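Laboratory data are not the source of any read-out in this text; all were calculated from the coordinates shown. In this text, all values refer to a predicted model and were calculated from it rather than measured experimentally. Positions of Cβ are backbone-derived with ideal geometry, glycine not excepted, and every protein chain shown enters the neighbour counts.
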Amino acid sequence: MNDKVKEVKCPNCGASVDSSGFIDTMFCNYCGTQLLLYDQSDAAVIAKAHVRIAELNHEQKRREFEKRIKDDEEESKYTKYLLPVVILFVIAGWAFLIYIGISNSSYERNEQSRLEALYQDILVDVQNKDYELALTKAHNLYYGKPGTVEAKEWNQRREELIQLIEGFLNES
Ligand SMILES: [Zn+2]
């Protein structure tokens with residue numbers, strides 16, 4: 001490669017400019033004037049052009065490669081965080097369902113024992129022949145959540161008990 005010409009004199013400002021690395025044209029480092037590097041042989045110009053094209057090609061491939069690496073990193077970062085988030089949501093979902101189940105069954109237990117206690121209380125009133133009070137209490141035998149199986153069961157027990165107490169009331 002012909003590298004004889006390195007220093008070029010700028011026709012505008014007169015500065016000496018290093019032209020190595022440039023092919024047939026460059027700009028003055030001091031005043032920005034475009035300098036034509038005529039002194040080089042055609043063969044050198046062509047050779048340098050080939051080198052420059054190869055360099056640009058290489059540069060382009062390097063940029064594409066780096067971009068691909070970066071994209072892959074972004075993608076793996078995304079999937080890396082996506083999976084734990086999905087797992088977290090699934091766990092949270094299950095925890096919520098379990099919580100609902102527990103609070104439901106504890107509500108059910110409380111409600112059942114409240115009504116059972118009231119029922120026992122009414123039976124005591126009936127034994128004591130306090131039918132009016134028993135009847136008033138019997139009208140309160142409602143399960144807290146209407147429409148449920150438990151509510152239907154208690155509706156039946158309440159109506160049965162009311163009929164029974166009314167029967168005693170009519171006899172007395
Ligand atoms: Zn200049």
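For a Förster distance of 45 Å, can you work out the FRET efficiency between the beta-carbons of A54 and V85, rounded to the nearest 0.05?
The pair A54/V85 has a calculated efficiency of 0.45.
P(r) of the chain in 10 Å steps, Cα pairs, percent per bin?
Once binned at 10 Å, the Cα pair distances of the chain give 8, 17, 11, 8, 7, 6, 6, 6, 6, 7, 8, 7, 3, 0.
Treating only the Cβ atoms of Lys and Arg (+1) and Asp and Glu (-1) as charged, compute the dipole magnitude of segment 90-172 about its Cα centre; round to the nearest 20 debye. Kindly include the intermediate steps, with their values, before the conclusion.
Numbers: 8 positive and 13 negative charges, 76 e Å.
Magnitude of the dipole: close to 360 debye.
Over the chain, how many pairs of lysines fall under 26 Å by alpha carbon, counting only those 8 or more apart in sequence or from different chains?
The number of close lysine pairs in the chain is 12.
Can you check what the net charge comes to around N104, using other residues whose Cβ is under 12 Å from the Cβ of N104 (Lys, Arg +1; Asp, Glu -1)?
With Lys, Arg at +1 and Asp, Glu at -1, the net is -1.
In nm, to one decimal, how far is the T25 label point from the Q120 one, both placed 7 Å along Cα→Cβ?
10.4
Calculate the FRET efficiency for I102 and R157 from the Cβ-Cβ distance with a Förster distance of 25 Å, rounded to the nearest 0.05.
On the way: r = 26 Å, r/R0 = 1.04.
For R0 = 25 Å, the calculated efficiency reads 0.45.
Order of 118-131, 63-76 by packing, highest average Cβ count within 10 Å first?
Highest-to-lowest ranking by the protection proxy: 118-131, 63-76.
Note down the magnitude of the dipole of the chain about its Cα centre, charges +1 on Lys and Arg C-beta and -1 on Asp and Glu C-beta and zero elsewhere, to the nearest 20 debye.
Its charge dipole is roughly 940 debye.
Of V90, Y78, P146, which is farthest along the charge dipole of segment 41-171 in the positive direction, counting Lys and Arg as +1 and Asp and Glu as -1 at C-beta?
Farthest along the dipole direction, towards plus: Y78.
Toward the positive end of the charge dipole of the chain, about the Cα centre and with charges on Cβ (Lys, Arg +1; Asp, Glu -1), which of A134, G21, L123 goes farthest?
G21
Extension gain A92-T136, at 0.36 nm per residue separation less the Cα-Cα distance, in nm? Please list the in-between numbers first.
Numbers: separation 44, 0.36 × 44 = 15.84 nm, distance 4.56 nm.
Result for the pair: 11.3 nm of gain on full extension.
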